[in-house]
1. Sort 407-414, 199-206 by the packing proxy (mean of other Cβ within 10 Å over each peptide's residues), most packed first.
2. Which is the longest run of the chain containing none of the chymotrypsin sites (Phe, Trp or Tyr not before Pro) found in DSSP loop states (not H, G, I, E, B) with at most 13 other C-beta atoms within 10 Å?
3. Would any residue of segment 265-302 have its amide N under 16 Å from a label point 7 Å out along Cα→Cβ of Arg135? List them or say none.
4. Of the options Ile77, Thr161, Ala286, report the single residue whose Cα projects farthest towards the positive end of the charge dipole of the chain (beta-carbon charges: Lys, Arg +1; Asp, Glu -1).
5. State the Kirkwood hydrodynamic radius of segment 173-311 in Å, one decimal place, computed from all pairs of distinct Cα atoms.
6. If we restrict to alpha carbons, what Rg and Dmax does segment 367-477 come to, in Å?
7. Which number do you get for Rg(Cα) / (2.2 N^0.38 Å) in the chain?
8. Quickly work out the Lys343-to-Leu210 label distance, labels modelled 7 Å from Cα along the C-beta direction, and quote it in nm with one decimal.
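Coordinate-derived values only; no laboratory data. Since the structure is predicted, the reported quantities are computational estimates derived from the model, not experimental observations. As a convention, Cβ positions derive from the backbone with ideal geometry for all residues, glycine included, and neighbour counts pool all protein chains shown.
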Amino acid sequence: YKIKKSFPKDFLWGASTSAFQVEGGYLEDGKGLSVKDIPSPRPGITDTKMAADHYHRFKEDVALMAELGLKTYRFSISWPRVFPKGNGEVNEKGLQFYDDLIDELLDHNIIPLVTILHFDLPQALVDLYSGWLSRQSIEDYVSYAKVLFQRFGHKVKYWQTINEQNISLLIPGFYGVKDEDPDKWFKMKYQMHHNMCVAQSKAILSFRELCPEGKIGPAPAFFQAYPASSDPQDTLAAHYLEEIHNWLLLDLNVKGEYPHLAFSYLHEKGYTPEIYEGDLELMKKATPDFIAFNYYGSKCVSIDRGPTRIENLEYEGNDIRKRKSNFMDIPGLFKTVENPYLKDTKTEWMPNVDPMGLRMAINKLYDRYRLPLIITENGFASTDILEEDGNVKDLGRIDYVSKHLKACHDAINNGAELFGYCVWSFMDLLSTSQGFGKRYGLVYINRSDEDEKDLARIPKKSFYWYQGVIKNNGENL
Ligand code: BG6
């Protein structure tokens, strides 16, 4: 065993975005609609028409990335920009945009890390066959991925398959389909989950042929779970949360197996998906090269002695804040509670700040799969004010990122193989739940939800701080 004492020399210091959250140009140059372009039912939330206007300003953005010293930029490709209808005819202008972006990155010595799908499934496929619910989506995802591998494989080494499949499926309607009956919805969502896993594995097998030099991996969100007490029932509850929300996806992605505890739950509830002959064998063959994961905070879990049906998972649109229970809870099995040892942020998505949870996540993932790891999202949301002196003093973000980087350092010292870390996000972007009212960026975008202003790019305090971290390869944390 080689135990490293610091960040490796070639550590990928990075920052992330995703297509629909930054690009704008939502119908430009032949792009089709995605499920994320459908106007938001929530008043006051900005839509994707303009976002941060990266589609037109990517050169300026890449110049800022170079100034920051980024080693890698993790972004996603918009499927409906490449295939406006999701399948069929390719849109050359869409591909050209990503060619230009990738070339610009390479010209600035920034390694592109491409996510094939980050939430924005073509709406046409939902209209045609209910999107991920149909097995046809597997073929269409693979055809789309192959076009990307053929076009960009010679210049993009690192790829991610599908962003946060485990989170997106917790929200009914997120991928354009839902059912008002919770049991029917759960059955549907586990079928979509299975289809998405088959699609990823098939794409990985094509990748092996088309890009033998490249590296590819899944992109889950990871949740470190703590039992709320030493009551063994709470420990079992925490175990269930990790099984259902983490391992159910990753065991399929990495080992081609349903983890037994999660599978017994699906079986008992009647949610088992239809599994075609050969599906699991195919997944077993498609071992990823690495695991990329997103981490924002941890969960504290207790046994739920409440109703055994899932009737309290009511929702309005996909606004998770309106739910009666936390979106990760499974009534009758487990519920998430406040962790008295951690600072509560009073938000559902990032309920607490828990850098040690990240250290444990890294060690746990490495322990279970022995694959190299990269963190593709970790970041701090705040309202961020552009002050009269032209500064954005986002000290909370500096504190958050520095604590999480120290946790990465500790995990590396523990022997885990972590080869990169990306701040979410490079620039302010359209938050999936709160528009521009909630900012994550190292670079401020001068706009609000109501007013597009001049969309000027203004590096925040955290930008200059992170620049120093990268320059010193994390030695001065
Ligand atoms: C992650 C997503 O789940 O969380 C991002 O991959 C998202 O796309 C981020 O922006 C933060 O969530 P939100 O809802 O604040 O945008």
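1. Details: 407-414: 19.4, 199-206: 22.8.
Highest-to-lowest ranking by the protection proxy: 199-206, 407-414.
2. On the way: sites that count: Tyr1, Tyr276, Tyr341.
Result for the longest clean stretch: 2-275.
3. Under 16 Å, as judged by backbone N against the label point of Arg135, lie 273-283 of segment 265-302.
4. The residue sitting most towards the positive pole is Ala286.
5. Working: mean 1/r = 0.0604 Å⁻¹.
By the Kirkwood definition, the hydrodynamic radius is 16.5 Å.
6. 15.7, 50
7. Working: Rg = 21.0 Å, N = 477, 2.2 N^0.38 = 22.9 Å.
That works out to 0.92 for the chain.
8. If labels sit at Leu210 and Lys343, their model points lie 4.5 nm apart.
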